[in-house]
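The values are calculated or read from the model by the stated rules, or taken from the named source; none is laboratory data. All figures in this text were calculated on a predicted structure; none of them were measured in a lab. Note: ideal-geometry Cβ built from the backbone for every residue, glycine included; neighbour counts use all protein chains shown. Areas reflect the complete protein model, heavy atoms only, side chains present, ligands, DNA and RNA absent. Shrake-Rupley method; radii C 1.70, N 1.55, O 1.52, S 1.80 Å.
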Amino acid sequence: MSEIAYLNGEFLPLDKAHVSVLDRGFIFGDGVYEVIPVYSRRPFRLPEHLRRLQHSLDAIRLANPMTDAEWTRLIHDLVGRHAGEDQSIYLQVTRGVARRDHAFPVEARQTVFMMSSPLATPARELIDNGVACITATDYRWLKCDVKSVSLVGNCLLRQSAAEAGAAEVVLFRDGYLTEASASNVFAVRNGKLLAPPKNHLILPGITYDVVLELAAACAIPIELREIPEQEVRSADELWVTSSTKEVLAVVTLDGRPIATGKPGPVFRRVHQAFQEFKRKVMRQAA
Ligand code: PMP
């Protein structure tokens, strides 16, 4: 049995959900998306995801097809149609179907698509041992704060990581850390947690905010600033964060160990705080 998806006002089996080849998402990558983790059947940080969706839509000058209340109702409806306790909700809004022309169509209705997949959080082995990453020049566009479906740059970069047997590719632009192909990146130096500031060069990760809140609650000093490549390579700890990875320690970069080559003490504290925070959210849901 196929899972249930949502497309333009109706719920239907995923394998029956079709869009036109003239959809601007297909032709131009002209659309935006969100990925929302669901723990114990409860969407995590939904208002923040909807705020970021609005930011992405505004950036591509596309009207939001629904109010936050409508999105919230639909997302809960989709979650309710799936058996899994922990799910990953993918939603996408494109500029719709129109004759191929780069300029915006005058009369097109947004295509709205949503699906749910089981949420696969990292295996214990990855949490305990950390992951390998490679590095690359960040050659993506200059609106990386927009969660655009035009992801060919991110796909090419992630493929280079996959071919190197690495979990992620850490990106540098003009000699400074930006993020990774589908994650934000944090460094720890001398007990301080460092992160690149939110600007047009990185996606404002929902997990990025959670990690900063948890670090503050753990009284870990935080510095949001540009981080030169050398400070990343010589960091005491390096982490990647995302809704599906949560927080993972990077133990090698381009085959060279980060510090001892093991997940560090600051990582362990924040990772534990993250798990406790999730349990608290789940208890509220019960
Ligand atoms: N940066 C990029 C480029 C991403 O694709 C993602 C994953 N959506 C992130 C950062 C992390 O964002 P979040 O914590 O909201 O999943």
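Quick notes
- Residue ranges of strands (runs of 3 or more DSSP E) in the stretch 204-265 with at least 3 members among the hydrophobic types (A, V, I, L, M, F, W, C) and in contact with a helix residue (DSSP H, G or I) (Cβ under 9 Å, 6 or more places away or on another chain): 246-253
Yes/no matrix, rows are residues, columns are (1) farther than 30 Å from residue 253 by Cβ; (2) touching a His at 6+ places or on another chain (Cβ under 6 Å); (3) acidic (Asp, Glu):
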residue	(1), (2), (3)
60	yes, no, no
67	yes, no, no
72	yes, no, no
85	yes, no, yes
103	yes, no, no
123	no, no, no
134	no, no, no
138	no, no, yes
147	no, no, no
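- Among the conditions (1) within 14 Å of the ligand (Cβ to nearest atom); (2) within 17 Å of the chain's Cα centre (by Cα), the only one that residue 173 does not satisfy is (2).
- Enumeration of residues in the stretch 71-113 that are more than 24 Å from the chain's Cα centre (by Cα) and open to solvent by less than 50 Å² (accessible area, probe 1.4 Å): 98, 105, 108
- On inspection, residue 113 does not qualify as in contact (Cβ under 8 Å) with a residue 24 or more places away in the chain, within 14 Å of the ligand (Cβ to nearest atom) and among the aromatic types (Phe, Trp, Tyr).
- Residue under evaluation residue 68, criteria (1) touching a helix residue (DSSP H, G or I) at 6+ places or on another chain (Cβ under 9 Å); (2) among the charged types (D, E, K, R); (3) more than 16 Å from the ligand (Cβ to nearest atom); (4) in contact (Cβ under 8 Å) with a residue 24 or more places away in the chain, criterion not met: (4)
- Enumeration of residues in the stretch 204-228 that are closer than 24 Å to residue 146 by Cα and more than 12 Å from the ligand (Cβ to nearest atom): 213, 223, 224, 225, 226, 227, 228
- When the stretch 138-153 is filtered for residues that are among the hydrophobic types (A, V, I, L, M, F, W, C), open to solvent by 20 Å² or more (accessible area, probe 1.4 Å) and within 19 Å of residue 94 (Cβ to Cβ), the ones remaining, listed by number, are 141, 149, 151, 152.
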